[in-house]
Amino acid sequence: MNNPDLPGPSRRKFIKASTLAASATMLPAFDLQAMAGILKNSKLKLALVGCGGRGTGAANQALQADPDVELVAMADLFEDRLASSYNSLAEAYQGTGKVRVKEKNKFVGFDGFKKAIDLADVVILATPPGFRPYHFTYAVENGRHVFMEKPVATDAPGIRKVLEAARLADEKNLNVVVGLQRHYQENYIQTLEKLRAGAIGKIRSGQVYWNSAGVWVRPREAGQSELEYQMRNWYYFNWVCGDHILEQHIHNIDVANWFIGEYPVSAQGMGGRLVRTGADHGEIYDHHFVEYTYPSGAVVASQCRHQPGTMYRVGECFQGTAGSVETNDAGVAKIFDLEGREQAAIANSEGHNPYQEEHNRLFASIREGGQINDAYNGAKSTLTAIMGRMATYSGQVIGWDEAMNSEVRLMPETVSWETTPPSLPDADGKYPVPMPGQYQAV
Amino acid sequence: MKIMIQGIAIGWLCLLAISSGNAQEAGYTETLAGTNLEIDMAAIPGGTYTPASRQAGVSPGIVRVDPFWMSSREITWGLYQAFLQRSADSEPQPARGSEVNLEVDAVSGATIPYVDMSLGMGTGEEFPVGNVTRKAASLFCKWLSAKTGNFYRLPTEAEWEYAARAGTDTPYFFGSRPDSLGRYAWYSGNSDGTYHPVGKKQPNPWGLYDIYGNVAEWTLDRFESGAFGNAASEFEPPVAEYPGVLRGGSYRDGPEALKNAARLASNPVWKQRDPQFPRSKFWFTDAPFAGFRIVRPQNPPEASDFSRYWDTK
């Protein structure tokens, strides 16, 4: 009921991705050039929606993924963010003709995404995640190929909207790559091949981690409206960010879904804020611990923490009936037998970059007339993390269907500078923090 | 109370060192008020050495090095966290040195990483910090200098090699063959593919632990120059971010890369998985083997010269 997509299309696509990834790295540049000739209209016009560090990084990768791609439009809520993004790309691509964004094609404001998307063949969606369902839907309705960052929504109505647009992307044969880059990382792909071949038997349990010191804080500035403050400091507001269990830890939760080959039936957990409690820190928690139960009975413990001075760990481990596996985003994946003896150590090849691979695959598929659609898994792994947040905020057991069908809406359907943010500070400048036992999650 | 006594002792040692300018000073322990962290500084006497020739037929000159102190261990995650978090900045430093008159608040910090920069190897207090750019390592030195009042910086290539040799002229300080390397170093032969807590192996004759292996160590020089330590300049300042020089090899290297004379060039590929653009000034994403240790010259430069050492590319 809750896992029709993962073992089917996504698995096929992942295998295809791994074979193509291997061949793509061996293709010299002139072959890519020859491939580009396949399309009648060989230039691919690119638009960047969301010009922060990650969006700019994705644009940089897109510009390197294909010999005939050109950045033609940019959109951001803030002029200064757009300008610094444009300046760094223009400098890096000076003399290549790949960055040609006319002044009139730099769009500032909440509605800028439409105008930017209108001008492009391929769009990068990299704003804070709350906006993603609306941007993605508009891009697909208008027939654009999409690279979109994770997570893809902050609430269940947003997830359902993304799933609907995903089906439309299939109908229109559009390519959609979601920035869960472990799916494009050699050693994860190779590890999963070994797991599917029975290397550790059937997965029974796992632990997934994103424990770190936290992220940036952008202090309130004089003269800022409440909405502008929240947009600048978006990480700390659930309607736009969804909390760090979603914004970062989705990567590791997604690996659990991917490796187990299912989405969980339920989640329960606990969390709170102990260290990061200031008025600068909005309403999100600084730690979550969630237990996910899968249809096969596997149980995965998920922990994420934003507390300075504590242990860093970003990675995943799973225990199966015949052994165990450990993966992390940058190191070597290891497979052990039941006695803990190392059976395999799987490293990425020198120079492999999964962030680049995402765009290489996207553009190659567009050129070949193929179709990648990561949006289903992107939506369902996002919902898995949302379900975890629902569990930690409420202190209740949350079922998959309950989460998927929830009518609790964090993100307004339209936002303008006249919108009152859903969360407002009290007289002390502090925001209401979700309280277990009281919070209505679904 | 214990800290007070120690502080007084350190202050006295520093005075002694500076006033005499002699080559044979004692080492000392730097403390960081507001933390339980310490940095042992080994005294390195001034002197000369003859580097191995890098070009056939070119006779290398003799390199002269002034006396300095060098941290006997690689800078750890524990120390680096104090710099990242800046939680002890406001704690006044007892027996503060007088070389550096800089408000610690005026030193900008490095960004807090989103990911595990140890790439799964661990960020425990005693592990050497890795994945740090030279700019970040130099900023650490500037911060430590502002905090303590003593002038700290990265070593020049010449200082590093001279200290590693510890008065010997063989490829390793313990001889010509790598047979006993495992007594002194974590390298590919014994590291199990990971770095290890600092100071667990035997030190070199001048008291420097892990001078070979564990993490490779930043120097101030640029890589293109083979003339480090020449009479005209103390070091060859970088003209671009890459390639810079790291010395000593790391846990992932074989014996050749751990020799006194072996040089490692930094490479843009060390940042390739940084998903942001522009990429971080402070962090690599793919070089957990890139760490550093610090030095303090026994005869510090003029304050106006500090930035030559701190403001690196």
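Which residue fluctuates most in the GNM of chain A (Cα springs below 10 Å): A:F363, A:F318, A:F336?
In this elastic network of chain A, the residue with the biggest mean-square fluctuation among A:F363, A:F318, A:F336 is A:F336.
Inside 10 Å of the C-beta atoms of B:119-125, what's the mean count of C-beta atoms belonging to other chains? Display every interim value, and only then the final one.
Details: counts 7, 13, 3, 3, 7, 2, 0.
Averaged over the peptide's residues, the number is 5.
With Rg and the Kirkwood Rh both taken from Cα atoms, where does Rg over Rh land for the range A:248-337? Mind dumping the intermediate values first?
Working: Rg = 15.0 Å, Rh = 14.7 Å.
Result: Rg/Rh = 1.02.
Positive end of the dipole of chain A, charges at C-beta (+1 Lys, Arg; -1 Asp, Glu), about the Cα centre: which of A:A90, A:L410, A:F113 has its Cα farthest in that direction?
Among A:A90, A:L410, A:F113, the one farthest towards the positive end of the dipole of chain A is A:A90.
On average, how many beta carbons from a partner chain sit within 10 Å of the beta carbon of a residue in A:326-335? Walk me through the numbers before you get to the answer.
Details: counts 1, 1, 6, 6, 12, 8, 4, 1, 2, 0.
Whole-number average of other-chain Cβ neighbours for A:326-335 is 4.
Given +1 on the Cβ of Lys and Arg, -1 on the Cβ of Asp and Glu, and no further charges, what dipole in debye does chain A carry about its Cα centre, rounded to the nearest 20? Walk me through the numbers on the way to the answer.
On the way: 43 positive and 50 negative charges, 129 e Å.
The calculation lands at about 620 debye.
Quick check: from the Cα gyration tensor, does the range B:71-201 come out rounded (a/c under 1.5), prolate or oblate?
Working: a/c = 2.54, a/b = 1.48, b/c = 1.72.
Oblate is the answer for the range B:71-201, as a/c is 1.5 or above yet b/c matches or exceeds a/b.
Roughly how many debye, to the nearest 20, is the charge dipole of the range B:47-153 about its Cα centre, given +1 on each Lys and Arg Cβ, -1 on each Asp and Glu Cβ, and no other charges? Write out the running numbers ahead of the final one.
On the way: 10 positive and 10 negative charges, 97 e Å.
Around 460 debye, computed over the range B:47-153.
Between their Cα atoms, which of A:K43/A:K380; A:K115/A:K150; A:K114/A:K172 are more than 25 Å away from each other? Could you put the intermediate results ahead of the total?
Values: A:K43/A:K380 33 Å; A:K115/A:K150 22 Å; A:K114/A:K172 19 Å.
Where the Cα-Cα span goes over 25 Å, the pairs concerned are A:K43/A:K380.
Determine, at each q value in 0.07 (inverse angstroms), the log₁₀ of I(q)/I(0) that the Debye formula gives when each Cα of the protein assembly as shown is one equal point scatterer.
-0.55
If all Cα-Cα distances of chain B are sorted into 10 Å bins from 0 onward, what percent lands in each bin, rounded to whole numbers?
For chain B, the binned pair fractions read 6, 28, 38, 23, 5, 0, 0 percent.
Among A:Q181, A:A165, A:A153, whose Cα projects farthest towards the positive end of the dipole of the range A:113-236, with charges put on the beta-carbon of Lys, Arg (+1) and Asp, Glu (-1)?
After comparing all options, I get A:Q181.
Run the Debye formula on the Cα coordinates of the range A:317-442, all scatterers equal and no solvent, and tell me log10 I(q)/I(0) at q = 0.11, 0.16, 0.18, 0.21 1/Å.
Normalising to I(0) and taking log10 leaves -0.78, -1.08, -1.10, -1.16.
What is the Å³ per residue value for the convex hull set by the Cα atoms of chain A?
Numbers: hull volume 64.0 nm³, N = 442.
Hull volume normalised by residue count: 145 Å³.
Let me confirm one metric for peptide B:274-282, namely the mean number of other chain beta-carbon atoms within 10 Å of its residues' beta-carbons.
Details: counts 4, 13, 9, 14, 11, 4, 1, 0, 0.
Mean number of neighbouring Cβ atoms from other chains: 6.
Work out which GluC sites (Glu not before Pro) in chain A are exposed loop sites (DSSP not H, G, I, E or B, at most 14 other Cβ within 10 Å) and give the longest gap free of them. Provide the component values of the computation, followed by the final result.
Numbers: sites that count: A:E221, A:E339, A:E350, A:E407, A:E413, A:E418.
Counting only loop sites that pass the neighbour cut-off, the longest clear stretch is A:1-220.
As an exercise, use a Förster radius of 41 Å and the Cβ-Cβ distance of B:R308 and A:A345 to find the FRET efficiency, rounded to the nearest 0.05.
Details: r = 44 Å, r/R0 = 1.07.
Between B:R308 and A:A345 the formula returns 0.40.
At a Förster radius of 56 Å, what calculated FRET efficiency corresponds to the Cβ-Cβ distance of A:A90 and B:N190, to the nearest 0.05? Kindly include the intermediate steps, with their values, before the conclusion.
On the way: r = 49 Å, r/R0 = 0.88.
The value I calculate is 0.70.
Pop out the Kirkwood hydrodynamic radius of the range B:196-279 from its pairwise C-alpha distances, inverse of mean 1/r, in Å to one decimal. Please report the intermediate quantities before stating the final value.
Values: mean 1/r = 0.0691 Å⁻¹.
Taking the inverse mean of 1/r over all distinct Cα pairs, the range B:196-279 comes out at 14.5 Å.
Please build a GNM for chain B, connecting alpha carbons under 10 Å apart, and tell me which residue among B:P288, B:P128, B:P178 fluctuates the most.
B:P178
So if I place +1 on the C-beta of Lys and Arg and -1 on the C-beta of Asp and Glu, and nothing else carries charge, what would the dipole magnitude of the protein assembly as shown be about its Cα centre? I want it in debye, nearest 20. Spell out each step's value before the answer.
Details: 72 positive and 84 negative charges, 200 e Å.
Value, rounded to 20: 960 debye.
Kirkwood Rh and Cα-based Rg: tell me the resulting Rg over Rh for the range A:230-277, rounded to two decimals.
Details: Rg = 13.5 Å, Rh = 12.8 Å.
Value, to two decimals: 1.06.
Throughout, read-outs are computed from the coordinates displayed, never taken from laboratory work. Computed from a prediction, not measured in an experiment: that's the story for all the values here. Here Cβ is always computed from backbone atoms with ideal geometry, including for glycine, and neighbour counts include all displayed protein chains.
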